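Colleague: Structure in structure tokens, see below.
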Amino acid sequence: MAKRSSANRTIEVIMLQNDKNLGEKYEIVRVKPIFARNVLFPNKIAILADKEAKNNYAQKMEAAKISREKKAASLEDLFSKIAADNGIEITRKANKDNTLYAKVDENDIVARINEIYGIEVEPHLFKLKKKLNEVGTYPVVFTYNELKREVVVKIIAEVDEKAAKKEEKEEVKEVVKTKEEIRAEREAAKAKEKAEKIAKLKEKYK
């Protein structure tokens, strides 16, 4: 049997603090030995998950596990509500081509969720490939441990009330102008018809 390459070898560590890229406090995760030695251990971000450490932290790890399970259940409930509402809506100012003046990112999404449902969610749990910069509907991936969901985010153009009123007035003016033009055309047609009749009478009684 071929020996496992040391470059691909990983070790178990117990997280001593939350890290968005690795895991939550008192969670056991696997990392490369060199990363653990040079970064995690010196900065007290994690410790080696050997038998002694697992025994010492057993109670805290069990409590953290229960906490994560409750958090996952709470998130499931949140996503059910969002799905029932057909996604979340975010209103932004946009130009005539529907391009947003201010792009939407993960922070905007969690701020909107908090505003609607009163629940705080970490922005890094949403996985946007790039910031949203146009009006439209977007499926945004959310991952938390084993939980993976897609959240529908709808970006809606903000209505500029002043511009809308101005446009409305212009439409009204256009309608009035059109009526006046129709009336003028009718009167011109009548005048022409009358002039033709008079011309025929004059021709008849010459």
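Colleague: Quick check on region 125-135. Is at least one of its residues of a type in the set (A, V, I, L, M, F, W, C), more than 25 Å from ASN18 (Cα to Cα) and surrounded by 13 or more Cβ atoms within 10 Å (Cβ to Cβ)?
Modeller: Checking region 125-135: at least one residue is of a type in the set (A, V, I, L, M, F, W, C), more than 25 Å from ASN18 (Cα to Cα) and surrounded by 13 or more Cβ atoms within 10 Å (Cβ to Cβ).
Colleague: So which of ARG9, ARG92, ARG68 ends up being under 27 Å from LYS129 (Cβ atoms) and in contact with a helix residue (DSSP H, G or I) (Cβ under 9 Å, 6 or more places away or on another chain)?
Modeller: None of the others qualify; the one that does is ARG92.
Colleague: Let me ask something else. Check whether at least one residue in region 18-28 is touching a Lys or Arg at 6+ places or on another chain (Cβ under 7 Å), of a type in the set (Ser, Thr, Tyr) and surrounded by 14 or more Cβ atoms within 10 Å (Cβ to Cβ), and report yes or no.
Modeller: Within region 18-28, one or more residues are touching a Lys or Arg at 6+ places or on another chain (Cβ under 7 Å), of a type in the set (Ser, Thr, Tyr) and surrounded by 14 or more Cβ atoms within 10 Å (Cβ to Cβ).
Colleague: Consider LYS25 carefully, then state whether it is under 25 Å from GLU146 (Cβ atoms), at pLDDT 95 or above and in contact with a Ser or Thr (Cβ under 8 Å, 6 or more places away or on another chain).
Modeller: When the stated conditions are applied, LYS25 does not pass them.
Colleague: Hey, another quick one. Is there a residue being of a type in the set (Gly, Ala, Ser), surrounded by fewer than 17 Cβ atoms within 10 Å (Cβ to Cβ), over 26 Å from THR10 (Cα atoms) and touching a Phe, Trp or Tyr at 6+ places or on another chain (Cβ under 7 Å) anywhere in region 68-87?
Modeller: Taking every residue of region 68-87 in turn, at least one turns out to be of a type in the set (Gly, Ala, Ser), surrounded by fewer than 17 Cβ atoms within 10 Å (Cβ to Cβ), over 26 Å from THR10 (Cα atoms) and touching a Phe, Trp or Tyr at 6+ places or on another chain (Cβ under 7 Å).
Colleague: Okay, next question. Any residue that is surrounded by 10 or more Cβ atoms within 10 Å (Cβ to Cβ) and modelled with pLDDT of 80 or more - is there at least one of those in region 158-179?
Modeller: Yes, the conditions are met somewhere in region 158-179.
Colleague: Would you mind stating whether TYR101 is among the hydroxyl-bearing types (Ser, Thr, Tyr) and more than 23 Å from LEU128 (Cβ to Cβ)?
Modeller: Against the criterion (among the hydroxyl-bearing types (Ser, Thr, Tyr) and more than 23 Å from LEU128 (Cβ to Cβ)), TYR101 does not qualify.
The values are calculated or read from the model by the stated rules, or taken from the named source; none is laboratory data. Because the structure is a prediction, the values reported are computed rather than measured. Cβ: placed from backbone, ideal geometry, glycine included. Neighbour counts: every protein chain shown.
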